[in-house]
Amino acid sequence: MIESLLVANRGEIARRIIRTARRLGIRAIAVHSEADAGLPFVTEADEAVCVGPANPAQSYRNVEAILAAAKSTGAQAIHPGYGFLSENADFARTVEASGLIWVGPGADAITAMGDKINARNLMAAAGVPVAPGTTDPAADLDAAVVAAAEIGYPVMVKAAAGGGGMGMGVATDEAALRTEYDKVRSFAERMFGDGSVLIERYFPRVRHVEVQILGLADGRVVALGERECSVQRRNQKLVEESPSPAVSPELRERILAAAVRAGEAVGYRNAGTVECLLVPRQRDAKGAGSASEEFFFLEMNTRLQVEHPVTELVYGVDLVEEQLRVAAGLAPTFDPDALAPRGHAIELRINAEDPKRFLPGPGVIRTWVEPTGEGVRVDSGYVEGNTVTPFYDSLMAKLIVNGATRAEAIERAKTAVAAFELAGPKNNLPFFAELLENEEFLSGDYDTAIVTRMR
């Protein structure tokens, strides 16, 4: 097993990785910005190094500073968490070229999946369903117009190099396409340094379901069930649950098999997520036929996901430990041929944002009391007295609950949300209290527009 691990991230995910590392007897090393010096992940690490000012480009994305920290502390491996440098193939290559162990998929797999168009084409060749769309970037507006006419409106205009729900727009006709194309291309050039644009069929009513995969050290790829991620604002997730209430046993078998093929197509190692769109069947006059039937590959996230805890609770595994074992060339702690889910788990992302418009609301945490009890887990990045700054993502904590059934998990979530005492920054706990009483959510028959309908 790895003996010393540098965590190239911050907040709750850094704290969560450090927790597993210390349980395994691995020396945990944190890197932090000047703004994060007082956060729990820094004090809980065995060693911590400041790598720069608050600006992520000068700290958490500062490759030279992070590698210098690894060298000065004698780190053997680097875990990138999610965000920042986690899906940067050049960083992965640099880490390995420096003689360190990279806790993540190979750089070639990151590169292959990092471009949405290339990923679509690879998946189609591997027999994974993809939505109708372009096989090459729409070189200019005229090409986008032609492609959209062939695909059929409405269409999604997407940044080929984008991710995390960023760089996307919907066009219902040519006039809207002309506006969205320029907007997305400009955003993509500014944010990703790549203005390539993909045109894809847009489905007005869809569910967002993803599959957790793990590429093992022996070359096998296994799937650890699916997660439902349809509660979103601005194409970014707020709630995840496993298993999905929309997925039948027959559909589960098909979607998990497709996810494994996706991983095998790029020789995937370590943890990753295959994201899909589920298109519900058309309802008849009596409302029957609401179960999802058709699914399409959306993208592959070549890293650990924010929502990995719901899979951990349903499958009884520690995915960070499994990542470390794969990186060290070790067998998993579980039998890949006997994976069996148990119960139901739900994760709520507790963000520093107002619960109506979801706009950021950073500030000093005056009160922070986490809920406890059977089936309740909190992965947090802050404690009372810390400051949530405007420099980073608004995620403060993840409230995860599990129970024998979905209904039991929901009841535990209601109790936990009511018991979570949080004052100072704006927060979205009131939204979750509303969602957990929403009939559409409670029924399990909801889609990605549920938050819009609630607002």
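Inside region 116-157, residues that are of a type in the set (Ser, Thr, Tyr) and either surrounded by 14 or more Cβ atoms within 10 Å (Cβ to Cβ) or more than 29 Å from the chain's Cα centre (by Cα) (or both) make up a count of 2. A Cβ distance below 8 Å, combined with a sequence gap of six or more or placement on separate chains, defines the contacts here; from region 3-24, residues that are without any contact (Cβ under 8 Å) to a residue 40 or more places away in the chain reach residues that are among the small types (Gly, Ala, Ser) and crowded, with 24+ Cβ neighbours inside 10 Å in the pairs ILE18/ALA28; ILE18/ALA30; ILE18/ALA45; ARG22/ALA28. Within region 11-66, the set of residues being hydrophobic (A, V, I, L, M, F, W, C), part of a strand (DSSP E or B) and more than 15 Å from PHE84 (Cα to Cα) comprises ALA28, ILE29, ALA48, VAL49, CYS50.
Annotation note: Cβ proximity below 7 Å between a residue of region 243-269 that is closer than 19 Å to ALA107 by Cα and touching a residue at least 40 places away in the same chain (Cβ under 8 Å) and a residue that is of a type outside the set (A, V, I, L, M, F, W, C) and not in a loop (DSSP other than H, G, I, E, B) (sequence gap 6+ or interchain) occurs for GLY263/GLY215; GLY263/GLY272; TYR268/GLY215; ARG269/GLY215. ILE66 passes every criterion in (1) buried (at least 22 other Cβ atoms within 10 Å of the Cβ); (2) more than 23 Å from GLU307 (Cβ to Cβ); (3) not assigned by TED's automatic domain parsing to the domain that holds GLY25 apart from (3). What number of residues within region 188-214 are buried (at least 18 other Cβ atoms within 10 Å of the Cβ), more than 30 Å from ASP337 (Cα to Cα) and of a type in the set (A, V, I, L, M, F, W, C)? Of the residues in region 188-214, 6 are buried (at least 18 other Cβ atoms within 10 Å of the Cβ), more than 30 Å from ASP337 (Cα to Cα) and of a type in the set (A, V, I, L, M, F, W, C). State yes or no: is GLU210 over 21 Å from ALA413 (Cβ atoms) and among the charged types (D, E, K, R)? No, not satisfied.
The set of residues in region 209-236 that are in contact with an Asp or Glu (Cβ under 7 Å, 6 or more places away or on another chain) and not small (Gly, Ala, Ser) comprises VAL209, GLU210, VAL211, LEU214, VAL221, GLU226, ARG227, GLU228, CYS229.
Free of Cβ contacts under 8 Å to residues at least 12 places away in the same chain and either surrounded by fewer than 19 Cβ atoms within 10 Å (Cβ to Cβ) or touching a strand residue (DSSP E or B) at 6+ places or on another chain (Cβ under 7 Å) (or both) - does that describe any residue in region 413-430? Scanning region 413-430 turns up no residue that is free of Cβ contacts under 8 Å to residues at least 12 places away in the same chain and either surrounded by fewer than 19 Cβ atoms within 10 Å (Cβ to Cβ) or touching a strand residue (DSSP E or B) at 6+ places or on another chain (Cβ under 7 Å) (or both).
Listed by position, the helices (runs of 4 or more DSSP H) inside region 74-178 whose residues that are closer than 22 Å to GLU210 by Cα number at least 2 are 107-114, 116-125.
For every residue, the table says whether it meets (1) under 22 Å from LEU399 (Cβ atoms); (2) modelled with pLDDT of 95 or more.
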site	(1), (2)
ALA291	no, no
GLU294	no, no
HIS308	yes, yes
LEU313	yes, yes
LEU319	yes, yes
GLN323	no, yes
ALA328	no, yes
PHE334	no, yes
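Residues that are hydrophobic (A, V, I, L, M, F, W, C) and crowded, with 18+ Cβ neighbours inside 10 Å within region 75-99 comprise ALA75, ALA77, ILE78, PHE84, LEU85, ALA89, PHE91, ALA92, VAL95, listed in sequence order. Search region 330-340 for residues being exposed (fewer than 12 other Cβ atoms within 10 Å of the Cβ) and of a type outside the set (D, E, K, R), and hand back the single one that is nearest to ALA75 (Cα to Cα). Result: THR333.
The values are calculated or read from the model by the stated rules, or taken from the named source; none is laboratory data. Quick caveat, the model's predicted, so the values are computed rather than measured. Don't worry about glycine lacking a Cβ; one is built from the backbone with ideal geometry, like all the others, and counts go over all protein chains shown.
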